[in-house]
Structure formats: structure tokens, C-alpha cells
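Structure, as C-alpha cells:
The values are calculated or read from the model by the stated rules, or taken from the named source; none is laboratory data. Note that the structure is predicted; figures quoted are calculated from it, not measured. A quick note on method: Cβ atoms are made from the backbone with ideal geometry, for glycine too, and the neighbour counts reach across all protein chains shown. The protein model used for the area step is the full one, side chains on, heavy atoms only, and it has no ligands, DNA or RNA in it. Shrake-Rupley method; radii C 1.70, N 1.55, O 1.52, S 1.80 Å.
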Amino acid sequence: MSEKRKILILGASYGSLLGMKLVLAGHDVTLVCLPAEAELINFEGAQVRIPVKGREGLVELDSRKAPGRLRAAGPAEVNPVNFDLVGLAMQEPQYRSAGVRELLDRVARSRVPAMSIMNMPPLPYIARLPGVDVSTIRDCYADPTVWDSFDPATITLASPDPQAFRPPEERVNVLQVSLPTNFKVARFASDEATAMLRGLEADIDAIRFPTPEGEVELPVKLRVHDSVFVPLAKWAMLLTGNYRCVTAEGPRAIRDAVHSDLAQSAEVYEWVCKVCEALGAAREDLVPFEKYANAAKGLAKPSSAARALYAGAPAIERVDRLVQRLAAQKGMHHPVVDETVRLVDAKLAETRAAA
């Protein structure tokens, strides 16, 4: 194992997946979450259920049986300077809420390296992309001012490719993984912070989980890349699947968004890849459409963005609008993407009017 690390993760829902992998690798993790979540996690630990290749059913991981320690706390109870790394795992609009907003500002001012696993890349990460005018995308964020104290050199992004959800019939300390892919993270600007990421990558690779039939390797790894564009591979998936779950008739499954008109999906996916290339990505930084379309066959639920939208959320992560706006900087437009943005805008406007 590399040097034992103390890691702070903002957000216990999706964050508990990364947190579980880190405590299984022997590191100590603190999850920042709501009081009821924190009380339950501190009393009963966190459970993550994950499919493992070649095994029937799901393997249940329990943080109380891990070599590292997992605890949970409220935003006011933690000081970022006491940690080696901060993970950002909340939905982007949540960072403007009272308590979280102040904690995020303390994270920024501490200059402790921060790794986002949000779908919506933090504004200071976009500032790391060469030639992007970030002033034109500030309104894509629920509150862009929460990011203003960050030095872009201290923040990086991991593509949140693994799909996971909290089963509605279970308590809030249970997370179930539906697509066990890897977190693909871009290096930090600093060699020292990047070396820490590579150490965590190796520690997670080394995890072997005991079962009655012997030790097994667990999926969902951390993969560190030198290119700042690798995490942007998620954008084509989000705009082809997740945001196209939003329709005039109501939400649909990601699988249906992708496979009901496969030719149109391939066209949208390729267009978003071209936008990433126009920003500076190499084709090998991106994921082929066929690989995504195959994975999408197993995604039988609407995306979290669509579910939140139709449940009356006043704000959601707007990667759709962000990509549309960055594309416009390069003189690029696509009618299906424009229609998707219009549908999401209209639904949010309807919710706000009703409120």
C-alpha cells in the first residue's frame, strides 16, 4: 500500500462508491452528508452492492469490515486542511446550499487537491482546458460564484462512468452499482498531487475481496490519465442518453433514449465527440459509440437528471447547456442537442412557475 491517506468526500450517495473503494484499500474516508445519513452511516456503516464478473447476484461490501475507516459528518464538522484529498461527489446545484457552500469555499482556500466525480465539471476545471472562454458558460451553473475561490491548478475531474443508485426500498446507507465501470481521472497540474492519485490507483487495483470460493478482484477502478480531456468522454454519453431521457411525454429509460433511434443516437454521440476534439481532445481520449450503446442496453431506468426534473427539482446539472455553449464557441450546433436543451429549460421553467 502507498502512504495512508485521509480523504474527505462531499456527498454520501454516489460518494460512498468511491469511499468504499478507498477504505477497502486501507485509507480513511470522511463523507459529508445530511444529519440522518451521517447518523446511520456512523452507526451501521455503508453498504455497496456490486456485480462481479463470473459471479451470480451482487457482492455486498460493508465499510465496517474494511481495513480503512469510514465515518460521516456534517459540513460544519470538517476542516479541509486535515485531509490529503477532497472528493466532490454531490450534484452541482447542491454546492450553493447553506453549509455546503461555506465548506466548498474552505476547500478552495485550503488548496488541498480536489477531485470531482460530478457529471457537471467544476467551473475551475473547465478553465484548465486551453482556449476556452469561461465567462460565456458561467450561467450554465446553478451558482457559478461558489467556484470563484478555486485555483484551477488544485482541481481535477474524474469521469463518473460507474452507474449507481440507492434502492428505494433500502435505507440511505445502501448503494447499488448497476454499471461497474472505472473512474477515469485527469492528472493534477502538480506532479506531487498526481503521484498521490497514482498511489490510490495502485492501492485500489490491489484490493482482493474474500468470498467462500476464495478472493476475488472487484470492479470499479481509478484510472489516472495525463490528458485533461479524458474525463470529457462522459459528455457524449450524457447528451446521447441521460438528457435525452427527457421527452415532452415524460421520462424514459437511458436504454430507450439510446436504442429507440440508434442512427440518431450515433449522430448526436459523434457530434459531441467532434466538439471535444475541437476543444483539443484526441480521438483516443474518447469512447467509441458502439461500446457506449452496448453498455446502455443495461440501463433500464431514466437518468438521475431526468428523475429529478420530473420530481420537481428547481435545478439540475446542466451538462447539456454547457456542451451546447462550448460548441457555440467553436461555431458548432446540432438540432437534437438544441431541442434537448429547450425541453430541459421548459420543464425547469414550469417547475419554477408552479413554485
For this session: Would you check if there is a residue in region 110-129 being under 13 Å from TRP147 (Cβ atoms), surrounded by 17 or more Cβ atoms within 10 Å (Cβ to Cβ) and of a type in the set (Lys, Arg)?
Result: yes
Exercise. So which of ALA195, ALA142 is modelled with pLDDT of 95 or more, more than 18 Å from the chain's Cα centre (by Cα) and open to solvent by 20 Å² or more (accessible area, probe 1.4 Å)?
Worked result: ALA195
Exercise. Out of SER110, SER116, SER135, which single residue is of a type outside the set (D, E, K, R) and under 21 Å from the mean Cα position of the chain (by Cα)?
Worked result: SER116
Exercise. How many residues does region 157-169 hold that are within 12 Å of the chain's Cα centre (by Cα) and either assigned to a strand (DSSP E or B) or at pLDDT 95 or above (or both)?
Worked result: 6
Seminar exercise, completed: Checked region 245-269 for anything open to solvent by 60 Å² or more (accessible area, probe 1.4 Å), more than 21 Å from ILE316 (Cβ to Cβ) and hydrophobic (A, V, I, L, M, F, W, C); matches are LEU262, ALA263
For this session: Looking only at region 6-53, count how many residues are of a type in the set (Asp, Glu) and under 10 Å from ALA73 (Cα atoms).
Result: 2
Exercise. All but one of (1) in a strand (DSSP E or B); (2) hydrophobic (A, V, I, L, M, F, W, C); (3) open to solvent by 60 Å² or more (accessible area, probe 1.4 Å) hold for VAL185; which doesn't?
Worked result: (3)
For this session: Pull up region 280-309, narrow it to residues that are closer than 15 Å to SER159 by Cβ and not in a loop (DSSP other than H, G, I, E, B), then point me to the one that is farthest from the chain's Cα centre (by Cα).
Result: GLU284
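When region 234-279 is examined, which residues are found to be of a type in the set (Phe, Trp, Tyr) and more than 20 Å from the chain's Cα centre (by Cα)?
Of everything in region 234-279, just one residue is of a type in the set (Phe, Trp, Tyr) and more than 20 Å from the chain's Cα centre (by Cα), namely TRP271.
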Exercise. Within region 1-19, can you find the residues that are buried (at least 24 other Cβ atoms within 10 Å of the Cβ) and assigned to a loop (DSSP other than H, G, I, E, B)?
Worked result: ALA12, TYR14
Exercise. Out of all the residues in region 199-255, which are in contact with a Cys (Cβ under 9 Å, 6 or more places away or on another chain) and either without any contact (Cβ under 8 Å) to a residue 24 or more places away in the chain or assigned to a strand (DSSP E or B) (or both)?
Worked result: PRO251
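Kindly indicate which of GLY312, GLY331 is in contact with a Ser or Thr (Cβ under 9 Å, 6 or more places away or on another chain), at positive phi and in a loop (DSSP other than H, G, I, E, B). Steps first, please.
Working: GLY331 fails: in contact with a Ser or Thr (Cβ under 9 Å, 6 or more places away or on another chain).
Answer to the check: GLY312.
Let's see how each residue does on (1) touching a Pro at 6+ places or on another chain (Cβ under 8 Å); (2) at pLDDT 95 or above; (3) closer than 18 Å to CYS245 by Cα:
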| position | (1), (2), (3) |
| --- | --- |
| ALA315 | yes, yes, yes |
| GLN324 | no, yes, yes |
| ALA328 | no, yes, no |
| HIS333 | no, yes, no |
| VAL336 | no, yes, yes |
| GLU339 | no, yes, yes |
| ALA354 | no, no, no |
For this session: Among the numbered conditions (1) open to solvent by 30 Å² or more (accessible area, probe 1.4 Å); (2) over 21 Å from the mean Cα position of the chain (by Cα); (3) at pLDDT 95 or above, tell me where ILE207 comes up short.
Result: (1)
Exercise. Can you pull out the helices (runs of 4 or more DSSP H) entirely within region 20-130 that have at least 2 residues that are closer than 30 Å to THR240 by Cβ and hydrophobic (A, V, I, L, M, F, W, C)?
Worked result: 123-126
Exercise. Regarding CYS276, is this residue more than 23 Å from ALA186 (Cβ to Cβ) and touching a helix residue (DSSP H, G or I) at 6+ places or on another chain (Cβ under 7 Å)?
Worked result: no
